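Everything below concerns the one structure shown next.
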Amino acid sequence: MRQRSFEIVRTPELEGSSFLFNNVLVRYVGTCPETGISFYCNNGEGGVVGVRVYPDGRKVNVNAKSKNNGNTYCHSKEDYLQFRHAFGRDKNILAARAVYMAAGRTIPQGMTIDHINGCTTDNYIGNLRCVSNEINNRDGGFLRKLRNNGFYTSRVERAILLRYFDRMAYIKDHITSYRYKKLTEEQLRAILYDPDFSIPV
């Protein structure tokens, strides 16, 4: 069943607000004008925590769930976690978007939130970036190349992965498709980890 779209706005008087919920600091994400419900979540460290706040001040915990009931493996592409009914019935939000917005960041039209290490259950703010769909798909292909060669990308430092994406984009633009497909595990390891790696063009 397709989720119907709805508007999320930032209420000025709530912008930047936060509170402790079960000893976890949660920050303001936004409000649905239709229901008046606001949503808060944490920075994703140790897992995502979400709280629905009604206009009368009532606070209700909202669990993040995936379509496959949590049967996920962080070395492969799995379902995205989402907060069901975050802003009211059938008004859901992806956990990654909620965490990103709770950090006070906006998501421009046409942009998407990418999990740098490819693990879509790792919604820590440091693992999220706002990119175009083109970059998201491109770098997702680079991650698949690593995983297909036995690398566990969820265990790689994010700064190293970002450097790897830049290197791979340059390499793919400067070598033939045949050479790109034939990159070995050893070459990929050098591209990923070697700070002095020389790009084979």
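Since every read-out is calculated from the coordinates, none of them should be taken as a lab result. Predicted model, so just to flag it, every value in this text is computed and none were measured. Cβ sites come from the backbone with ideal geometry, for glycine too, and all protein chains shown count toward neighbours.
Toward the positive end of the charge dipole of region 18-128, with +1 on the Cβ of Lys and Arg and -1 on the Cβ of Asp and Glu, the farthest Cα among TYR40, ALA98, LEU128 is that of TYR40. Spacing of the modelled spin labels on ALA159 and GLU34, each 7 Å from Cα toward Cβ, amounts to 4.4 nm. Ranked by the mean number of other Cβ atoms within 10 Å of their residues, highest first, the peptides 54-61, 107-114 come out as 107-114, 54-61.
The magnitude of the dipole of the chain, with charges of +1 and -1 set on the Cβ of Lys/Arg and Asp/Glu and taken from the Cα centre, is near 520 debye.
Taking 7 Å steps out from each Cα toward its Cβ at ASP79 and SER198 produces label points 4.9 nm apart.
Each Lys or Arg adds one and each Asp or Glu takes one away; over the other residues whose Cβ falls under 12 Å from the Cβ of PHE165, this sums to +4.
Expressed in Å, the radius of gyration and Dmax of the Cα atoms of region 18-128 are 13.4, 43. How much length, in nm to one decimal, is gained on full extension between ARG89 and GLU185, taken as 0.36 nm per residue of separation minus their Cα-Cα distance? Residue separation times 0.36 nm, minus the Cα-Cα distance, leaves 29.8 nm.
Centroid-to-centroid, using Cα positions, region 12-38 and region 87-155 are 22 Å apart. This model, with +1 at the C-beta of Lys and Arg and -1 at the C-beta of Asp and Glu, gives region 18-128 a dipole about its Cα centre of some 260 debye. Extents of region 113-201, taken as max minus min of Cα coordinates on every principal axis and listed largest first, are 35, 24, 23 Å. Between THR106, THR121, THR184, the residue with the greatest mean-square fluctuation in the GNM of the chain (Cα pairs under 10 Å linked by springs) is THR184. Eigenvalues of the alpha-carbon gyration tensor of the chain, scaled by 5 and square-rooted, set the equivalent ellipsoid semi-axes at 37, 16, 15 angstrom, largest first. Computed from Cα positions, the angle between helix 133-148 and the longest principal axis of the chain comes to roughly 60 degrees.
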